[in-house]
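Asks: So that we are looking at the same thing, I have put the structure below in structure tokens.
Where a number appears in this text, it was derived from the coordinates with a stated rule and is not lab data. Note that the coordinates shown come from a computational prediction; the quantities given were computed from them, not determined experimentally. No Cβ is skipped: glycine too gets one built from the backbone with ideal geometry, and neighbour counts run over all protein chains shown.
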Amino acid sequence: MKQLYFFTALFLFTSTVFAQTVFKPRPAQLEYLEFHNDEIIVLKTPQTNLRTFVSKLPYPIIFVHGLNSSSDTWSTSTDYFDSQYNFTFGGRLDYCLNADSNDALANTDFYPVANADIAAFSTTFQNGDYYYVNFNVNPNGTIDTNVLSNQAAVAKQGAAMKDAVQRVLQITGKEKVILVGHSMGGLASREYLQNTNNWQADNLHHIAKLLTLGTPHGGSNASDNPLAFFTSVNVRSEAIRDLKETYYYSGEPSVYLFGGAEIQNSSSMNDNSYSPDFYNVDVNCNGVLGENIIGLNQKALDNYIDFSCVIGRITGGTTDGVVAEPSSMLNTYITGLIYPAKYFYFNSSFDFIENHTELPGKYYQILQGLDEPNYKELAYGIATNQNYIGFTTVQANSGTSDIDYFKFTISDNINATVDMSNIVTSNMNAAFLDASGNLIGSAHNNSGSTLNFTETLAPGNYFLRITSISPGTSNYQTPYEFAITTTLNNKTFNIAENIIQVYPNPTTDFLTINGTTADRIMLYNILGENVYTLEFKNKEPKQTIDISSLKKGIYFLTIEGNNQKSVFKISKE
């Protein structure tokens with residue numbers, strides 16, 4: 001290694017180039033308030049104290065609400081995450097999806113395009129663990145829509161999700177995000193994933209996991225129930241048009257989900273004989289009617305995403321009262337997935353009408369669905385020399401081990417040390433695997449709440465596999481913590497025909513540099529900040545420096561001499 005590259009700085013300049021969102025103006029105070037009837041509700045906003053925030057999650061989470069709902073539906077679960085895991089709220093992404101207030105025409109254009117249906121509004125937005133997408137927004141930016149923004153076409157929601165994913169990638173600097181969608185929010189997420197025109201500028205979707213809760217993957221006819229009248233759902237809305245399992249009078253399956261022609265008459269897309277039918281039938285929202293639509297369930301879905309579904313069951317039933325159980329199962333409609341979706345259930349003991357609206361508050365099932373991938377091909381990417389947390393949960397097949405996979409890359413010959421703590425499950429083991437999945441060394445077992453081991457690794461791609469043998473139902477409350485710390489395992493390097501030795505490494509206080517007539521020695525932390533500099537007037541082949549005052553961690557020692565440079569990775573214990 002002849003030159004130091006700080007990968008934190010490198011990442012800032014090599015990440016995807018993002019377009020700049022144009023926000024529609026609104027008074028700043030409207031970001032914080034929801035005007036619901038005669039009530040003013042103060043909304044959750046980030047605490048702006050995060051200049052040095054570093055998430056311990058491999059990827060940030062984006063929560064997407066359902067039909068006629070709002071981002072506030074996630075408050076119970078995210079408040080729990082905040083208090084239990086010290087998660088940090090990154091912000092809310094507000095979109096009005098009927099910004100021209102015209103129900104008869106549809107498009108996926110963004111403000112400031114004339115007559116655009118989609119308007120994004122600026123909010124307090126920062127690096128965090130999770131984010132909300134909110135469609136409960138009026139054309140002027142006020143919260144609590146009266147223009148059917150949260151009952152708009154799923155095609156518009158997917159277009160907004162493109163912008164949301166882009167902005168979260170940009171603010172966090174992460175490679176991917178995790179999507180969690182309740183009800184129609186799951187279809188909004190799939191609309192993004194299954195239409196390449198919605199992907200990012202590099203032609204990738206950047207989604208690691210999709211978790212859906214009560215999502216009608218096969219549609220729902222709940223709007224046919226007379227009780228729907230009391231929910232403020234508009235049966236003529238674009239969303240109801242897209243969410244239908246079958247149309248009430250003409251009887252054919254949903255054009256949005258299963259394909260068909262954008263034609264509305266007595267025998268096609270006929271749903272409401274007692275009132276005028278849907279406001280429009282422009283399912284793909286491109287301004288052209290009568291087209292033959294390829295349904296969402298007819299489109300390809302990337303096999304290398306980790307899929308999970310939370311499914312509600314009311315007392316004595318196989319439905320959550322809004323979505324029938326088969327419809328909420330992704331595998332029913334997207335068949336042949338290499339890694340099929342895992343199913344987790346919320347079984348009511350007292351609900352007889354519905355528990356569909358309760359699902360976003362069921363943080364236990366959400367944590368089960370959010371559990372890290374149990375296949376190496378779906379592994380979450382992590383960096384070395386950084387702290388992370390992971391979760392131990394009861395799996396979809398009760399009694400099976402919880403296996404979590406993480407992937408990382410090594411660029412030098414190094415010693416890689418895994419340090420794990422906060423282990424609450426009785427039996428956990430961890431191991432490194434090579435790029436083909438072959439075990440390196442052996443699997444190492446926990447000793448109480450900790451687990452530690454070291455292996456020598458050459459440059460290449462690797463996996464860290466963490467296995468909880470018999471997870472318990474309360475393990476999710478305490479995430480395990482881990483880091484992969486790397487130190488160079490070769491101690492000698494050439495510089496100007498000399499052999500340099502740096503020792504001891506790791507060290508706790510003093511560091512000796514032997515075998516060079518250096519001009520300068522500099523020490524950098526993992527963020528690329530210079531924390532120590534020593535200039536030499538009288539060059540000596542052996543120097544000892546005191547680093548006892550530095551914090552524990554990884555540092556880069558740069559030695560300059562004879563117009564050359566050598567870099568050593570140092571571990572301070």
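Asks: Check VAL113: other-chain or 5+ apart residues with amide H under 5 Å from its amide H, H built from backbone geometry?
Replies: none
Asks: What does DSSP give for the chain in terms of the percent of beta bridges that are antiparallel, rounded to the nearest 5?
Replies: Taking every DSSP beta bridge with both residues in the chain, the antiparallel ones total about 70 percent.
Asks: What's the angle, to the nearest 10 degrees (0 to 90), between helix 75-85's Cα axis and the longest principal axis of the chain?
Replies: Taking the Cα atoms of the chain, the angle to 75-85 is about 10 degrees.
Asks: Return the sequence-ordered ³J(HN,Hα) values of the range 426-431 in whole Hz as given by the Karplus equation 6.51 cos²θ - 1.76 cosθ + 1.60 applied to θ = phi - 60°, using x for Gly and Pro.
Replies: Karplus values, whole Hz, x for Gly and Pro: 6, 9, 10, 9, 9, 7.
Asks: Additional query: In what sequence, highest mean first, do 96-104, 177-185, 62-70 appear when ranked by Cβ atoms within 10 angstrom?
Replies: 177-185, 62-70, 96-104
Asks: Which residues' amide hydrogens lie under 5 Å from the amide hydrogen of GLU291, considering only partners 5 or more residues apart or on another chain, with H built in the peptide plane?
Replies: Distant-sequence amide H within range of GLU291: GLU262.
Asks: Within 10 Å, count the other beta carbons around each residue, average over each peptide in 252-264, 236-248, and list them highest first.
Replies: Per-residue Cβ counts within 10 Å, averaged per peptide and sorted highest first, yield 236-248, 252-264.
Asks: Report ³J(HN,Hα) in whole Hz for each residue of the range 204-217, in order, from the Karplus equation J = 6.51 cos²θ - 1.76 cosθ + 1.60 where θ = phi - 60°; Gly and Pro get x.
Replies: With coefficients 6.51, -1.76 and 1.60, one gets 10, 8, 6, 10, 8, 8, 10, 10, 10, 10, x, 7, x, 4 Hz.
Asks: Beta carbons within 10 angstrom, averaged per residue: use that to sort the peptides 21-28, 214-221, 323-330, highest first.
Replies: Order by mean packing, descending: 214-221, 323-330, 21-28.
Asks: Another question, if that's okay. List the residues, sorted by chain then number, that are 5 or more residues from ASP306 or on another chain and whose placed amide H is less than 5 Å from its amide H.
Replies: Under 5 Å from the amide H of ASP306: LYS209, LEU210.
Asks: Between SER474 and SER232, what is the FRET efficiency for a Förster distance of 51 Å, r being their Cβ-Cβ separation, to the nearest 0.05?
Replies: For SER474 and SER232, the calculated efficiency is 0.85.
Asks: I would also like to ask the following. Using helices alone, what [θ] at 222 nm do you get for the chain, with -39,500 (n - 2.57) per DSSP H run of 4 or more residues, divided over all residues and rounded to the nearest 500?
Replies: It comes out at -3500 deg cm²/dmol, rounded to the nearest 500.
Asks: Another one. Along the charge dipole of the chain, Cβ charges K/R +1 and D/E -1, which of ASN347, ILE240, ASN272 sits furthest on the positive end?
Replies: The Cα lying farthest towards the positive end belongs to ASN347.
Asks: Can you figure out the FRET efficiency of THR21 with THR48, using R₀ = 22 Å and their beta-carbon distance, to the nearest 0.05?
Replies: Calculated value: 0.65.
Asks: Students often get this wrong, so try it: which of (1) 39.1; (2) 27.4; (3) 29.3 is mean projected area of the Cα convex hull in nm² as calculated from the structure shown?
Replies: Given (1) 39.1; (2) 27.4; (3) 29.3, the calculated one carries the label (3).
Asks: Whole-Hz Karplus ³J(HN,Hα) for the range 358-371, in order, using 6.51 cos²θ - 1.76 cosθ + 1.60 and θ = phi - 60°, x for Gly and Pro?
Replies: Computed from phi, the couplings for the range 358-371 are 7, 4, x, x, 8, 5, 5, 5, 4, 5, 4, x, 8, 4 Hz.
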